[in-house]
Amino acid sequence: MATENPLFGKIETQRIVATIQEAEKRTSGEIKVHIEARCPDEDVMDRAKVVFGELSLHNTKDRNGVLFYLAHEDRKFAVLGDKGIYEKVPHDFWESTKEKLRAHFKKNEFVEGLCEGIEEAGQQLLTYFPYQSDDINELPDDISFG
């Protein structure tokens with residue numbers, strides 16, 4: 001995955017990464033953001049699943065990785081959790097998170113949307129995957145770009 005950032009400046013990128021780190025202080029869940037201009041698949045969830053695998057998000061101890069995927073030029077996004085999350089949460093678990101993202105993305109407020117969505121996901125995951133004293137950061141907190 002590429003690391004070049006065509007969408008955000010350094011301060012915006014740091015804000016998103018700091019939001020990921022703050023959310024992960026409250027939960028054992030692991031959060032990753034991946035951004036690309038275009039979604040090469042017809043179905044954004046299909047693409048999110050491919051990226052999820054490419055980023056090895058399934059390699060967490062509790063299978064509680066979460067991917068925020070954004071194809072900004074196509075105006076498509078997805079929130080995808082790993083198997084461990086879907087075994088514990090209700091089927092509409094991500095709806096409030098998606099609504100926050102959608103509201104901001106409609107106004108091209110990508111940083112605000114991602115930060116609010118990440119905060120919301122952290123709060124939601126807290127119920128099912130609280131932070132453990134022996135928790136380690138299993139995935140890098142940086143943003144990946146395609």
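Kindly indicate whether F105 is under 19 Å from I20 (Cα atoms), in contact with a Phe, Trp or Tyr (Cβ under 8 Å, 6 or more places away or on another chain), buried (at least 21 other Cβ atoms within 10 Å of the Cβ) and without any contact (Cβ under 8 Å) to a residue 60 or more places away in the chain.
On the way: under 19 Å from I20 (Cα atoms): yes; in contact with a Phe, Trp or Tyr (Cβ under 8 Å, 6 or more places away or on another chain): yes; buried (at least 21 other Cβ atoms within 10 Å of the Cβ): no; without any contact (Cβ under 8 Å) to a residue 60 or more places away in the chain: yes.
No, not satisfied.
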Being out of contact with any strand residue (DSSP E or B) (no Cβ under 9 Å at 6 or more places or on another chain), under 13 Å from G29 (Cβ atoms) and acidic (D, E): is that true of E120 here? yes
Condition set part of a helix (DSSP H, G or I) and out of contact with any strand residue (DSSP E or B) (no Cβ under 7 Å at 6 or more places or on another chain), scope the range 52-63, selection farthest from Y128 (Cα to Cα): answer is E54
Can you list residue pairs whose Cβ atoms sit under 8 Å apart, with the first residue in the range 132-145 being in contact (Cβ under 8 Å) with a residue 12 or more places away in the chain and under 14 Å from A23 (Cα atoms) and the second being surrounded by fewer than 17 Cβ atoms within 10 Å (Cβ to Cβ) and aliphatic (A, V, I, L, M)? Count only pairs 6 or more apart in sequence or on different chains. D141/V17; D142/V17
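Here, each number is a calculation from the coordinates, and none is a lab measurement. Bear in mind the structure is a predicted one, so any value in this text is a computation, not a measurement. So basically every Cβ, Gly included, is an ideal-geometry build from the backbone, and we count neighbours across all protein chains shown.
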